[in-house]
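Worksheet for the structure shown next.
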Amino acid sequence: MSQIVEIKVPDIGDFSEVEVIEVLVSVGDTIEAEQSLITVESDKASMEIPASQGGVVKSIKVKVGDKVAEGSVVLEVESAGAAAPAVKAEAAPAAPETAKAEPAAAAKPAEVPAPAKATAPVATTGTPPASLPAMPAAGGKLPHASPSIRKFARELGVDLGRVTGSGAKGRIVVEDVRQFVKQALAGGVASSSAAAQSGGGAGLDLLPWPKVDFTKFGPVENKPLSRIKKISGANLHRNWVMIPHVTNNDEADITELEALRVRLNKENERAGIKVTMLAFLIKAVVAALKKFPEFNASLDGDNLVLKQYYHIGFAADTPNGLVVPVIRDADKKGVLELAQETGDLAKKARDGKLAPAEMQGGCFSISSLGGIGGTSFTPIINAPEVAILGVSRSSHKPVWDGKQFVPRLTLPLSLSYDHRVIDGAAAARFNAYLGSLLADFRRAIL
C-alpha cells in the first residue's frame, strides 16, 4: 500500500543552517534512494542532499534561496514501502576553504591522477586592495546572493548593495561582482581608496570584453561549466589578481629516488600499496618547509602567521574539475603511509566524495603534471598560502660528472611564491634545497 513519506535534511555536520542553491527534481519525478534532491551551500562548501528512499515526488517544500537545517522537510514522495533511515549527506567537491580553496590554485611525476595547474582555492586573509563606499541595498533589504558570492565580494572589497544582480529574481552571481570590479578599475564606479583620492593607479581604461556571435563563423556547442569550475575559477581569478606571483624553475636529479620507488613497489606489491613520486615529494617538501619556515606561513594584514603544523595539499584532477585534498600532519607520516593516503584521497576526489574538511587547512600545495607532460609552468598559489610547487614530467638528460656525460633522470620543479612574503633569493634556495633532498633522499629523513 502506498503512503506519503517526508524526505528530510539529514545530518550536515557542523553547519546549523545552509542555503538552498539548486533544486534538482520536480513534482511528478520518480526518484531512487540516494538520488540527489537539492544542493545547499555554506560559506565554505556546497553539498548535495540525497533521498533517503525512492518514490514519486508529490510536493517540494523548499525553493532556491530557502534556509534549511537538519530535520527540515525537503519534499514528500509517494512510496509503496516504509520509510528508510536517513542517509548521511556526502559533501560535493568544492573550492577549498580554499578548496584554498583553505584553498589551493594549485595545478596536477606522481602517479596520482594528474592534476591541472592550479588549486582551488580559500579565503584570502589579507586586506582587499581597495574597498568601495558602502551603500545600503534597495529598500534596506539584504542583497540577494549566496554565501559564496558574499564571501567573494568581501574579499574584493565590493559592497553588494551597489551590485545589480543578473540572475533569477535579481540574484547576484559571480559575473555581476566581476563586472562591478572592472567598472571600478576603469573609473566607472567611485572609489574611496587612498589611491583613487590621490590619483595614483588611476583607472586602467580597459576595453570592454568583446561580444562575439561565434555562430557566424561555424557550428558551436554551449556547455555549462561544472559547479567545481565555477567555484574554483572565482578563487583562481582572485588569487592571480591579488597575489604578486613569481615562479622559480629548477631541476632535481631523481635517478636514485626513482630506482628506490620502483624497488619499494616490488616489495609492497602484495600489500597493495603503490608508491608514487608524489609521496616522496610531500616528504621532501615538509623537510624544506622546516628549513625555510616563511614558506609555511600566511599573510594576515601586516603580520606573517608562521604555522607549526605541516598540512600539504595536492591538486587532483576529477571529471568535474580540479580539487585539492589535504594530507594532515604530513611530517608525522612515512612514505608508504603518504602513498596510501594520497591514493585514497585521489579516489574520493574522482568519485565526488571528498568532505569539506578534507580540503581545508593546507599550508603548502603541490601540483603535478608529470603524468601528462611539459617542462615547466606557473601554478597559481592557493590563498592564503604563500607558495605552491609545480612538477612537470621527468626526463633523461646527459649530465657531466667531471669526466664524462652520464644519463640522469631529472625532474622539473616550478615554485610559485608570493613576492610580498618571499624574495627571489629565498625561493631559489628553497628550490635548490628541495632538489638536493630529492637527489639524496636520505637527507629528507634526518
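Within region 3-79, what is the number of lysine pairs with alpha carbons under 16 Å apart, leaving out pairs fewer than eight places apart on the same chain? Each step should come with its number before you reach the end.
Details: K8/K58; K8/K61; K8/K63; K8/K67; K44/K67.
Qualifying lysine pairs in region 3-79: 5.
Per 10 Å bin, what is the whole-percent P(r) computed from every C-alpha pair distance within region 255-298?
Pairs per bin, as whole percents: 26, 38, 23, 13, 0.
Kindly give the semi-axes, whole Å and largest first, of the ellipsoid equivalent to region 233-445, taking each as the square root of 5 times a Cα gyration tensor eigenvalue.
Details: eigenvalues 136, 99, 53 Å².
Whole-Å semi-axes of the equivalent ellipsoid: 26, 22, 16.
Using modelled amide H (1.01 Å from N, peptide plane; none on Pro or chain starts), what sits under 5 Å from the amide H of Q53, excluding residues fewer than 5 places away?
Under 5 Å from the amide H of Q53: E34.
Can you give the charge dipole size of region 233-445 about its Cα centre, rounded to the nearest 20 debye, using +1 on the beta carbon of Lys and Arg and -1 on the beta carbon of Asp and Glu? All intermediate terms of the calculation are to be shown ahead of the outcome.
On the way: 25 positive and 23 negative charges, 101 e Å.
It comes to approximately 480 debye.
Using amide H atoms built in the peptide plane, which far-off residues or other-chain residues are under 5 Å from D29 H to H?
V57
Whole-Hz Karplus ³J(HN,Hα) for region 400-414, in order, using 6.51 cos²θ - 1.76 cosθ + 1.60 and θ = phi - 60°, x for Gly and Pro?
3J(HN,Hα) across region 400-414, in whole Hz: 6, 9, x, 10, 7, 8, 10, x, 10, 8, 10, 10, x, 10, 10.
Would you mind calculating the relative contact order of region 233-445 from Cα pairs under 8 angstrom and at least 6 residues apart, reporting the percent as a whole number?
Computed over region 233-445, the figure is 31 percent.
For Y417, what charge total do you get from the other residues with a beta carbon under 12 Å from its beta carbon, if Lys and Arg give +1 and Asp and Glu give -1? Present the calculation step by step, with values, prior to reporting the outcome.
Numbers: positive: R420, R429; negative: E294, E385, D418, D423.
Neighbourhood net charge equals -2.
Residue by residue, what Karplus-based ³J(HN,Hα) values in Hz, rounded to whole numbers, does region 281-294 have, using 6.51, -1.76 and 1.60 with θ = phi - 60° and x for Gly and Pro?
Rounded to whole hertz, the list is 4, 4, 4, 5, 4, 4, 4, 5, 5, 5, 7, 10, x, 5.
With all distinct Cα pairs included, what does the Kirkwood hydrodynamic radius of region 3-79 come out to in Å, to one decimal, could you say?
For region 3-79, the Kirkwood estimate is 12.2 Å.
What is the spin-label model distance, in nm, from N303 to W400 if the labels are put 7 Å beyond Cα along the C-beta direction?
5.2 nm
Here, each number is a calculation from the coordinates, and none is a lab measurement. All figures in this text were calculated on a predicted structure; none of them were measured in a lab. Glycine gets a Cβ as well: all are built from the backbone with ideal geometry, and neighbour counts include every protein chain shown.
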